[in-house]
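The values are calculated or read from the model by the stated rules, or taken from the named source; none is laboratory data. Everything numeric in this text was worked out from a predicted model, so none of it was measured. Neighbour counts run over all protein chains shown; Cβ positions are idealised from the backbone, glycine included. Note: areas computed on protein heavy atoms with side chains; ligands, DNA, RNA excluded. Shrake-Rupley method; radii C 1.70, N 1.55, O 1.52, S 1.80 Å.
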There are 2 protein chains.
Amino acid sequence: MREGPDIARIAALVADPARSAMLLALMDGRALTASELAQLAGITPQTASSHLARLVDGDVLSLEAQGRHRYFRLSGPHVAAMLEALMVFSSDAAPPLRTGPNDPALRKARICYDHLAGEMGVALYDRMQADDWLDRDLAVTDQGWDRLAGIGLAPAQLPRSNRPLCRACLDWSMRRPHLAGLVGKLVLDRLLALSWARRMPSSRVVLFTPEGERRFHDWLC
Amino acid sequence: MREGPDIARIAALVADPARSAMLLALMDGRALTASELAQLAGITPQTASSHLARLVDGDVLSLEAQGRHRYFRLSGPHVAAMLEALMVFSSDAAPPLRTGPNDPALRKARICYDHLAGEMGVALYDRMQADDWLDRDLAVTDQGWDRLAGIGLAPAQLPRSNRPLCRACLDWSMRRPHLAGLVGKLVLDRLLALSWARRMPSSRVVLFTPEGERRFHDWLC
DNA sequence: CGCATGGTTCGATGTTAATCGAAGCGTCGC
DNA sequence: GCGACGCTTCGATTAACATCGAACCATGCG
């Protein structure tokens with residue numbers, strides 16, 4: 001019996017119904033807490049804790065501890081690709097082969113958790129990186145706050161919260177990171193407050209007005 | 001707990017070391033017998049029989065009974081794609097992401113079991129299908145024998161054998177079928193005997209001479 | 001027919017691992 | 001500091017299931 005790549009090990013991690021339910025829930029790139037995942041999978045927190053530990057140990061999930069919460073997310077696009085390859089087999093597979101949302105409006109801009117994802121979200125993150133709005137630790141620089149002031153965001157407005165200010169969130173339609181974290185949420189709040197965009201009811205689509213999209217790109221300069 | 005695609009069921013089929021070893025052995029599209037697979041996986045025939053039954057039941061393998069032999073093969077390209085997605089995780093993964101051999105010579109023409117695979121093999125099979133060398137049951141037609149005579153193949157030469165004359169074998173580099181079965185083997189034998197091509201030592205590459213490749217294409221007309 | 005060979009079915013055994021209750025540990029809010 | 005909350009560790013129970021020996025079916029060969 002010649003040895004090959006150990007696909008059994010990783011397959012076993014997905015093979016449990018509770019674990020696969022959690023993985024599917026994370027397919028959109030969000031980060032969820034242990035309790036949320038436990039409830040989604042229909043198991044007790046103790047059991048979920050054991051499952052999540054194994055998934056992290058197997059490099060399928062990555063873990064970010066935040067106060068008394070622990071956020072879990074897929075550790076990369078290769079995990080989503082693997083799950084998609086498995087979904088092909090289920091006849092009832094909702095989204096058969098798409099590597100991301102195929103609705104153009106969804107690809108353009110959508111809600112991811114509470115921040116902006118899709119092309120617009122990635123564009124924002126790219127600009128923030130390229131123009132040094134953030135430093136290497138994803139902390140907002142002075143320059144970054146200058147730019148954020150352009151849509152009426154100031155450090156004084158930050159609510160007291162343990163949530164990280166900025167975080168990179170993987171975008172499954174673009175396969176590239178977009179802005180998450182508290183600033184991600186606040187930016188989206190401002191875009192909606194300024195009426196540059198609005199949420200579509202009962203959908204994750206964020207619809208920019210033509211005027212709003214122009215101003216958004218002007219703001220990014 | 002909302003239900004999603006049942007990826008756990010299919011993942012569980014791969015999650016066993018014996019089963020995954022068999023699946024990996026079938027990655028090149030060959031069909032192997034139950035005994036061969038049992039030996040490859042290092043288990044007894046009884047155990048292998050149980051595993052193979054589950055894999056066939058789960059539509060991961062397809063089964064072709066031939067006399068007292070039973071040939072198993074991956075049931076389609078989506079299975080190979082799934083296995084490849086899983087292989088990405090094993091650090092020692094030999095072929096990380098390629099959807100088939102990336103060596104140009106291997107893509108062009110190679111040995112698959114005992115017949116011709118790669119672009120040349122697929123070209124042959126395409127022509128056989130398009131020009132009715134075969135009927136719907138993959139039996140060789142009179143017209144087919146006329147054409148096969150062009151490289152010196154005649155029905156009288158067929159050894160007594162229970163092996164099917166022609167079979168379609170999935171080609172992982174092309175994702176399309178090529179000619180397998182006894183005729184597949186004999187055609188390759190003739191190509192080598194005519195010195196249109198030769199095997200490279202300790203490799204699966206089949207190297208056509210320029211003259212041989214020209215004659216091959218002339219033969220296919 | 002007789003025998004070998006390839007495969008399967010059945011039953012018993014042992015191992016793995018999923019699950020939850022109970023208890024423990026850190027963090028947050030008052 | 002005290003209690004609530006999120007999460008983990010520990011232990012015991014239970015349910016799958018991988019494995020193989022033995023017996024059983026079917027095919028091919030002389």
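Some notes on this structure:
- Long-range Cα-Cα pairs in the stretch A:7-87 (distance over 15 Å), rounded percent: 50
- Interchain or long-range residues, amide H under 5 Å from B:LEU116's placed H: B:LEU188
- Surface composition of the stretch A:7-87: carbon and sulfur atoms hold 50% of the protein heavy-atom accessible area at a 1.4 Å probe.
- Counting only lysines at least 8 places from B:LYS185 when in the same chain, those with an alpha carbon closer than 28 Å to its own are B:LYS108.
- Distances from A:ARG199 to itself in the other copies, using label points 7 Å out along the Cα-Cβ axis, amount to 6.5 nm in increasing order.
- The string of couplings for the stretch A:76-90 from the Karplus curve (6.51, -1.76, 1.60, θ = phi - 60°) is x, x, 5, 5, 4, 4, 5, 5, 4, 4, 6, 5, 4, 6, 6 Hz, one whole number per residue in order, with x for Gly and Pro.
- With both labels modelled 7 Å from their Cα along Cα-to-Cβ, the B:ASP146 to B:ARG54 distance reads 5.3 nm.
- Calculated FRET value between B:HIS78 and B:SER35, using beta carbons and R₀ = 25 Å, to 0.05: 0.40
- The spread of Cα positions in chain A, taken along each principal axis and listed from longest to shortest, comes to 62, 37, 35 Å.
- Here the Karplus curve 6.51 cos²θ - 1.76 cosθ + 1.60, taken at θ = phi - 60°, turns the phi angles of the stretch B:34-42 into couplings of 4, 5, 4, 5, 4, 5, 4, 8, x Hz, with x standing for Gly and Pro.
- Taking amide H as placed 1.01 Å from N in the peptide plane, the amide H of A:ALA180 sits under 5 Å from that of A:ARG167, A:ALA168, A:CYS169, each at least 5 places away or on another chain.
- If you take all other residues with their beta carbon under 11 Å from the beta carbon of B:GLN143, and give Lys and Arg +1 and Asp and Glu -1, the sum is -4.
- In this assembly of identical copies, the label point of A:ALA65 (Cα plus 7 Å along Cα-to-Cβ) is separated from its counterparts by 5.9 nm, sorted shortest first.
- Look at the dipole of the stretch A:25-69 built from charges on Cβ: of A:SER62, A:ALA48, A:ALA31, the Cα furthest out on the positive end belongs to A:ALA48.
- A simple spin-label model places the labels of A:SER195 and B:ARG9 5.2 nm from each other, with each point 7 Å out along Cα-to-Cβ.
- Using a 7 Å projection from Cα along Cα-to-Cβ, the label point at A:ARG127 is separated from the same position in the remaining copies by 5.8 nm, smallest value first.
- Protein-only accessible surface order, largest first, of A:ARG30, B:ARG127 at 1.4 Å: B:ARG127, A:ARG30
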